[in-house]
């Protein structure tokens with residue numbers, strides 16, 4: 001078997017430079033919350049493939065379901081010759097997403113594809129052009145979703161021009177604006193009404209907790225106020241639950257924490273245990289407004305991915321992974337707050353369930369410190385903990401452990417993090 005060093009040399013000669021990786025080790029196998037690289041080194045996985053392997057890597061039910069499906073058939077394209085598992089996943093999404101209204105779903109391949117199609121549906125159903133997005137938002141890397149994404153580098157730099165009729169307004173960022181949620185919403189709504197016009201808005205697109213933008217949890221009242229404004233003006237309220245969905249924050253979907261019922265919900269990542277699948281779910285009148293043939297894609301709702309999704313959801317229910325995520329939050333948040341009390345470079349601790357973060361700043365200020373953030377993350381990697389950074393300023397460490405992580409492994413991870421923080425402060 002090739003070593004990581006050998007693979008890295010092969011990669012340099014074969015893989016486009018624009019594809020980056022967090023670490024230079026190459027994975028050989030993985031199980032649950034642990035990764036093992038080709039050199040035999042073990043890592044505790046606090047990335048979960050960016051919130052994808054919530055049920056753990058190579059989850060038994062997922063493996064069995066995929067193996068069975070591969071033996072039966074691998075692909076027909078649902079638009080050509082349909083199959084039951086696509087219908088079953090849509091039924092699951094209709095039942096699990098917030099609200100008891102009549103719903104419909106459509107399946108795609110990736111989160112960006114789901115967002116694009118949600119925008120298409122909203123524009124078609126309303127006949128309006130404008131889409132409202134927020135500061136610090138991340139929605140994908142396609143042309144339209146780059147327009148919706150806030151951060152220039154590395155996502156948008158020199159890739160324009162971007163899709164038109166996308167307008168950005170301030171989000172709620174309690175650490176940096178200190179506004180109550182209703183005031184932050186009023187600020188955003190005022191800008192929409194002045195600069196875009198309510199009658200022009202097809203949809204308001206928001207992450208209930210911002211992901212790549214820094215795991216920013218909006219102040220209480222922000223989401224309900226924005227959703228109520230959209231409902232009152234005839235705009236579609238789209239919740240991007242791609243990173244927050246499927247038990248990650250302690251409920252099936254993060255919108256539930258404040259009782260928000262979106263018109264459309266986009267999903268991906270944790271839905272299928274590591275296989276590529278995404279969905280748009282929402283009000284039947286909106287979803288059915290699009291003409292036959294207006295939605296689709298060759299691989300969308302592939303039967304293998306659908307089998308994995310059904311097995312993942314069954315695993316989430318059987319193991320009560322919503323409760324597991326709440327346990328992670330109840331265990332880790334006090335630890336992080338204690339660390340913040342002893343390490344002044346931690347400016348903020350935030351998150352819900354198993355979607356947690358610390359924001360790193362120059363001690364005694366709110367000035368972002370991306371260099372220290374990178375150093376802490378690198379120290380975690382050297383210690384055997386795989387972590388990710390994020391945030392508009394590159395100064396947030398985010399933690400996304402698989403929801404099946406056990407207590408000893410979780411505490412080992414926290415001890416590695418503590419040592420990394422101590423090392424960063426020591427110079």
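The values are calculated or read from the model by the stated rules, or taken from the named source; none is laboratory data. Here the structure is a predicted model, which is why all the values come from computation and not from measurement. Heads up, the Cβs are rebuilt from the backbone with ideal geometry, glycines too, and the neighbour counts pull from every protein chain shown.
May I ask you to verify whether residue 375 is touching a helix residue (DSSP H, G or I) at 6+ places or on another chain (Cβ under 8 Å), in the same structural domain as residue 209 (by TED's automatic domain parsing) and either within 26 Å of residue 275 (Cβ to Cβ) or in a helix (DSSP H, G or I) (or both)?
So residue 375 fails the test.
Please verify whether region 32-40 includes one or more residues that are surrounded by fewer than 18 Cβ atoms within 10 Å (Cβ to Cβ), farther than 21 Å from residue 402 by Cα and touching a helix residue (DSSP H, G or I) at 6+ places or on another chain (Cβ under 9 Å).
Yes; the residues of region 32-40 include at least one that is surrounded by fewer than 18 Cβ atoms within 10 Å (Cβ to Cβ), farther than 21 Å from residue 402 by Cα and touching a helix residue (DSSP H, G or I) at 6+ places or on another chain (Cβ under 9 Å).
Taking only pairs six or more apart or across chains, which ones have beta-carbon atoms under 6 Å, a first residue in region 17-32 that is in contact (Cβ under 8 Å) with a residue 60 or more places away in the chain and in the same structural domain as residue 47 (by TED's automatic domain parsing), and a second residue that is assigned to a loop (DSSP other than H, G, I, E, B) and surrounded by 10 or more Cβ atoms within 10 Å (Cβ to Cβ)?
Filtered contacts from region 17-32: 32/56; 32/404.
Just to verify a result, which residue in region 73-87, among those that are surrounded by 12 or more Cβ atoms within 10 Å (Cβ to Cβ) and free of Cβ contacts under 8 Å to residues at least 60 places away in the same chain, is farthest from residue 316 (Cα to Cα)?
So, considering only residues that are surrounded by 12 or more Cβ atoms within 10 Å (Cβ to Cβ) and free of Cβ contacts under 8 Å to residues at least 60 places away in the same chain, the one farthest from residue 316 (Cα to Cα) is 82.
Could you say whether any residue in region 378-387 is at pLDDT 95 or above, touching a helix residue (DSSP H, G or I) at 6+ places or on another chain (Cβ under 8 Å) and assigned to a loop (DSSP other than H, G, I, E, B)?
Yes, that holds for at least one residue.
Working carefully through the options 88, 95, find the one that is in a helix (DSSP H, G or I) and closer than 19 Å to residue 261 by Cβ.
95
For region 110-144, name all the residues that are farther than 22 Å from residue 260 by Cβ, in a helix (DSSP H, G or I) and within 20 Å of the chain's Cα centre (by Cα).
112, 113, 116, 143, 144, listed by residue number.
Has region 283-293 got at least one residue that is out of contact with any strand residue (DSSP E or B) (no Cβ under 7 Å at 6 or more places or on another chain), surrounded by fewer than 21 Cβ atoms within 10 Å (Cβ to Cβ) and in a helix (DSSP H, G or I)?
There is at least one residue in region 283-293 that is out of contact with any strand residue (DSSP E or B) (no Cβ under 7 Å at 6 or more places or on another chain), surrounded by fewer than 21 Cβ atoms within 10 Å (Cβ to Cβ) and in a helix (DSSP H, G or I).
Select, from 228, 184, the only residue that is without any contact (Cβ under 8 Å) to a residue 24 or more places away in the chain, under 21 Å from residue 262 (Cα atoms) and in the same structural domain as residue 115 (by TED's automatic domain parsing).
So the residue among 228, 184 that is without any contact (Cβ under 8 Å) to a residue 24 or more places away in the chain, under 21 Å from residue 262 (Cα atoms) and in the same structural domain as residue 115 (by TED's automatic domain parsing) is 228.
Take the conditions over 25 Å from residue 243 (Cα atoms) and buried (at least 22 other Cβ atoms within 10 Å of the Cβ) and apply them to residue 192. Does it pass?
yes
Taking the stated definitions as given, is residue 333 assigned to a helix (DSSP H, G or I), modelled with pLDDT of 95 or more and touching a strand residue (DSSP E or B) at 6+ places or on another chain (Cβ under 8 Å)?
Yes.
Considering only region 377-404, state which residues are more than 17 Å from residue 349 (Cα to Cα) and touching a strand residue (DSSP E or B) at 6+ places or on another chain (Cβ under 7 Å).
Within region 377-404, 384, 385, 386, 402, 404 meet the criteria.
Just to check your reading of the model, which residue among 107, 179, 205 is assigned by TED's automatic domain parsing to the domain that holds residue 309 and part of a loop (DSSP other than H, G, I, E, B)?
Sole residue among the options that is assigned by TED's automatic domain parsing to the domain that holds residue 309 and part of a loop (DSSP other than H, G, I, E, B): 179.
With surrounded by fewer than 24 Cβ atoms within 10 Å (Cβ to Cβ), closer than 20 Å to residue 244 by Cβ and touching a residue at least 60 places away in the same chain (Cβ under 8 Å) as the only criterion, which of 151, 120 stands out?
151
What are the pairs, 6+ residues apart or on separate chains, where a residue within region 1-13 that is over 13 Å from residue 23 (Cβ atoms) has its Cβ under 9 Å from a residue that is part of a helix (DSSP H, G or I)?
2/10
Go through region 343-357 and give me each residue that's without any contact (Cβ under 8 Å) to a residue 40 or more places away in the chain and in contact with a strand residue (DSSP E or B) (Cβ under 6 Å, 6 or more places away or on another chain).
Selection gives 349 alone.
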